[in-house]
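What follows is a single structure, written as structure tokens, with notes after it.
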Amino acid sequence: VGQFLPLMLENAATSMAQESGCLVFDVCQARDDEAHIFLYEVYRDEAAFQSHLKTEHFLKFDRETASDILSKTVRIFARLS
């Protein structure tokens, strides 16, 4: 967590600053398990999310944190209202 969290926060801030399609990028940590990190990201559309996955800052973050992540689940939701 000590190495991962600063890099995660930097990636989130860069995404918000540089990606017009990134509308929300919240980094949340479980109160009862500091190693459990939840990301809440909102993108303008699917294309904006796919673009995010190809950015230099995301790819760098992904490489630098690969060994820190025990498991990852990505779920995509559709807004109903």
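The values are calculated or read from the model by the stated rules, or taken from the named source; none is laboratory data. Worth saying up front: this structure is predicted, and the values here are computed from it rather than measured. Every residue, glycine among them, receives a Cβ derived from its backbone with ideal geometry; neighbour counts consider all protein chains shown. In case anyone asks, the SASA skips ligands and DNA or RNA and just uses the protein heavy atoms, side chains included. Shrake-Rupley method; radii C 1.70, N 1.55, O 1.52, S 1.80 Å.
For this structure, a couple of remarks:
- Taken together, the criteria exclude Ser81 from residues that are open to solvent by 40 Å² or more (accessible area, probe 1.4 Å), among the small types (Gly, Ala, Ser) and part of a helix (DSSP H, G or I).
- Taking (1) free of Cβ contacts under 8 Å to residues at least 24 places away in the same chain; (2) within 24 Å of Ala78 (Cβ to Cβ); (3) not small (Gly, Ala, Ser) in turn, Ile37 satisfies each apart from (1).
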